Amino acid sequence: MKILLNGESRELPEGSTIATLVASLDLRPEQVAVERNRELVPRAEHATTALAEGDELEVVTLVGGG
Amino acid sequence: MKNETATEAGDEPLVLGEATLRSRLLVGTGKYADFEETARAIELSETDCVTVAVRRVNLDPSKGPSLLDVIDRERITILPNTAGCFDAQSAVRTARLSREILGTPLVKLEVLGDTKTLLPEPVATLEATRELVADGFTVLVYCSDDARLAVALQEAGATAVMPAGSPIGSGQGVLNPNAIRIIRELVDVPVIVDAGVGTASDVAFAMELGVDGVLLNTAIANAREPLRMAVAMRDACRAGRQAFLAGRIPRRLYATASSPTEGMVAGTVQPSPPRGKGAVSARSPEKSTQA
């Protein structure tokens, strides 16, 4: 299935969840937060949130800033 | 080990919701050359609270370490900001994302008006404050130096108001000290001067106005020697705070001698001041000793 990840088109295997996506990106789950279609998905639900064709995901972290 | 200075010993901590800060200097983490310099500047500034921004992750698989790896959360409170947001809804979303990562309700709300001035947008800022307070956030609000807006933000539930001394990154210092003083008099919540600091004297000056803290980033990160400036800012914040607590002397138009005026040796001449057109002769404290 095709999703939009931080504005980039990505092809993901069927059955992907937010947790599998975060793991495949080599990100530490405790350092990121995820919005799916502009709704925050709490970390506790990442493993159970199945992704669907056309989903728009924002995966963010904390960076230097004022 | 921390050296116990007069600052910490003779002062109250700065309390921002669940965060209790000994240092009244809050430091941003943007614009440093690398994480090593960031970490060292934080350490040398002796700040207890640093700001961070929320951004999309780097999808490049060769990405390096994270900023979160170099901040010791046991010692340092992390204050996420909503920088880059120009509307209330984006700021609220950003705050929720940061809370999800950090697990704390602290946020520096920043809703700006445009990309050139980076001045806070007052109406959207107030709207976002209300929404975040209702959602349980501890909201520290970046705002202009408008005292009535600061009052409105306090009434909306802000935990602290953070008026700009001058535009973000401009290095102009505190342009309207009287406006900052009026804010300090009108609100009960902590007042933190945020933005505009150029050098150490700006920090001391702000603290001498009686504000509760100063937040800065560029003034350290873009100094020729950031680490030396981090030390300067630490000292300036302490100096300004101590001077405020100590209470400055009133400003006078004329001099008052620090050494005794009596007991001078024979032959010492004490000239009278020149009598200009507007001089008030009856007020002269000294007898005329014209030769």
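Would you kindly give the portion of the calculated P(r) for chain A that falls above 13 Å, as a percent of all Cα pairs? Let's see the in-between values first.
On the way: 1310 of 2145 pairs.
Tail of P(r) above 13 Å: 61 percent of Cα pairs.
Using only the alpha carbons of the protein assembly as shown, what is the convex hull's orientation-averaged projected area in square nanometres? Numbers along the way, then the final one.
Values: hull surface 99.7 nm².
It is 24.9 nm².
Ratio of Rg to Rh for chain B, alpha carbon only, Kirkwood? All intermediate terms of the calculation are to be shown ahead of the outcome.
Details: Rg = 23.6 Å, Rh = 21.0 Å.
In chain B, Rg relative to Rh is 1.12.
Between A:Glu14 and B:Asp72, what is the FRET efficiency for a Förster distance of 41 Å, r being their Cβ-Cβ separation, to the nearest 0.05? List each step's numbers first, then the result.
Values: r = 42 Å, r/R0 = 1.02.
Taking R0 as 41 Å, the efficiency between A:Glu14 and B:Asp72 is 0.45.
For the range B:104-145, what is the convex hull volume of the alpha-carbon atoms per residue, in Å³? Show your work: numbers first, answer last.
Values: hull volume 2.6 nm³, N = 42.
Hull volume normalised by residue count: 62 Å³.
Output the antiparallel fraction of DSSP beta bridges having both residues in the range B:2-245, as a percent to the nearest 5. Display every interim value, and only then the final one.
Numbers: 4 of 27 bridges.
Roughly 15 percent of the beta bridges in the range B:2-245 run antiparallel, per DSSP.
Apply 1/(1 + (r/R0)^6) to the Cβ-Cβ distance of B:Val15 and B:Glu225, taking R0 = 35 Å, and write down the FRET efficiency to the nearest 0.05. Don't skip to the answer; put the middle values down first.
Numbers: r = 33 Å, r/R0 = 0.94.
With a Förster radius of 35 Å, E is 0.60.
Can you pull the mean other chain C-beta count within 10 Å for peptide B:50-63?
On the way: counts 3, 4, 6, 7, 7, 7, 10, 15, 5, 9, 0, 2, 1, 3.
Mean shielding count: 6.
Between B:Leu245 and B:Glu185, with labels modelled 7 Å along Cα→Cβ, what's the label distance in nm to one decimal, could you check?
2.4
Once you charge only the Cβ atoms, +1 for Lys and Arg and -1 for Asp and Glu, what is the size of the charge dipole of chain B about its Cα centre, to the nearest 20 debye?
Working: 31 positive and 36 negative charges, 224 e Å.
Roughly 1080 debye, rounded to the nearest 20.
If you add up the charges near A:Leu51, with Lys and Arg at +1 and Asp and Glu at -1, over every other residue whose beta carbon is less than 11 angstrom from its beta carbon, what do you get? Could the numbers behind the result be given before it?
Details: positive: A:Lys2, A:Arg10, A:Arg36; negative: A:Glu14, A:Glu53, A:Asp55, A:Glu56.
Surrounding charge for A:Leu51 is -1.
If you count, for every residue in B:22-32, the Cβ atoms of partner chains within 10 Å of its Cβ, what is the mean? Don't skip to the end; give the middle numbers.
On the way: counts 0, 0, 0, 0, 1, 1, 3, 5, 4, 3, 1.
Taking all residues of B:22-32 together, the mean is 2.
Can you give the extra length, in nm with one decimal, that the chain gains between B:Ala266 and B:Ser90 once fully stretched, where that is 0.36 nm per residue apart less the Cα-Cα distance? List each step's numbers first, then the result.
Details: separation 176, 0.36 × 176 = 63.36 nm, distance 7.83 nm.
The span from B:Ala266 to B:Ser90 would gain 55.5 nm if fully extended.
Find out how many positive minus negative residues lie around A:Glu30, taking Lys and Arg as positive, Asp and Glu as negative, among other residues whose Cβ is under 12 Å from that of A:Glu30. Write out the running numbers ahead of the final one.
Numbers: positive: A:Arg28, A:Arg43, B:Arg73; negative: B:Asp69, B:Glu100.
Here the count lands on +1.
If you only keep lysine pairs separated by 8 or more in sequence, or across chains, how many in the protein assembly as shown come under 21 Å at the Cα atoms?
Number of lysine pairs found: 5.
Taking the Cα of B:Glu155, stepping 7 Å toward and past its beta carbon, and measuring to each backbone N in the range B:100-130: which are under 20 Å?
Inside the label zone: B:121-130.
Throughout, read-outs are computed from the coordinates displayed, never taken from laboratory work. Just so it is clear, the structure is predicted and the values come from calculations on it, not from any experiment. Using ideal geometry, Cβ is built from the backbone for each residue, glycine included, and neighbour counts are taken over all protein chains shown.
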